[in-house]
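Right, one structure below, let's go through it.
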Amino acid sequence: MAFERTDVPRTGGERELLRAYLQFHRETLALKCAGLSDGDLRRLTTSSSLSLLGLVRHMAEVERSWFRRVIGGEDVPLVWSPDGDFQVAYRTDDAGSAEAFTAWEVEIARARRIEQAAESLDVIGIDRRSGEEYSLRRVMVHVIQEYARHNGHADLIREGIDGAVGV
């Protein structure tokens, strides 16, 4: 698999590094899904209910929730998890991969615009479910952590599909 990913700078400001790491992890998930059929994207290769398609759907929900709903203050529903149970997004029985990837890409684009429009990493958003405040800095670190954790899952799933490892 030949795929370009963001080269995270070895020096730089905090925001530049957070942006680069977030982009690197977004690209990593795309890499893990690249070149697979719809059936392979749905395939379960471990004892869990995780598939690559389910991870893409989940991360679309994560992007939407943290950037649009918390930082952006938008009153938008979640796409696949109407009751706020993000585990529902993992279920892909009736899911179309094109729809999932489009939704994920849309949420990433919106997240980028929200982050870029913010004056600083100290911008505060409110989680309407809990009423708790979160800084943009905290949101970016959390979303990076979500991608990093799930990219580990994606690596194992992809290896189980066609033996592709690493990266």
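Quick look at the values:
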quantity	calculated
Hey, V143 crowded, with 17+ Cβ neighbours inside 10 Å, touching a Cys at 6+ places or on another chain (Cβ under 7 Å) and not basic (K, R) or not	no
Qualifying residue in segment 6-20 (condition: acidic (D, E) and buried (at least 18 other Cβ atoms within 10 Å of the Cβ))	no
In segment 135-151, the residues that are of a type in the set (V, I, T) and within 15 Å of E61 (Cα to Cα)	V139, V143, I144
Residue list for segment 1-32, filter: of a type outside the set (G, A, S) and in a loop (DSSP other than H, G, I, E, B)	M1, F3, E4, R5, T6, D7, V8, P9, R10, T11
Qualifying residue in segment 157-165 (condition: exposed (fewer than 15 other Cβ atoms within 10 Å of the Cβ), in contact with a helix residue (DSSP H, G or I) (Cβ under 9 Å, 6 or more places away or on another chain) and without any contact (Cβ under 8 Å) to a residue 60 or more places away in the chain)	yes
Residue that is at positive phi, without any contact (Cβ under 8 Å) to a residue 40 or more places away in the chain and out of contact with any strand residue (DSSP E or B) (no Cβ under 6 Å at 6 or more places or on another chain), where the choices are G35, G39	G35
Any pair with Cβ under 6 angstrom, 6 or more apart, that starts in segment 111-127 at a residue that is closer than 17 Å to I144 by Cβ and ends at one that is polar (S, T, N, Q) and assigned to a helix (DSSP H, G or I)	none
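We did not get these values from a lab; they are worked out from the coordinates using the rules stated. Fair warning: this is a prediction, and the values are worked out from it, not measured in the lab. Because the Cβ atoms are built from the backbone with ideal geometry, glycine has one as well, and the counts that use them run over all protein chains shown.
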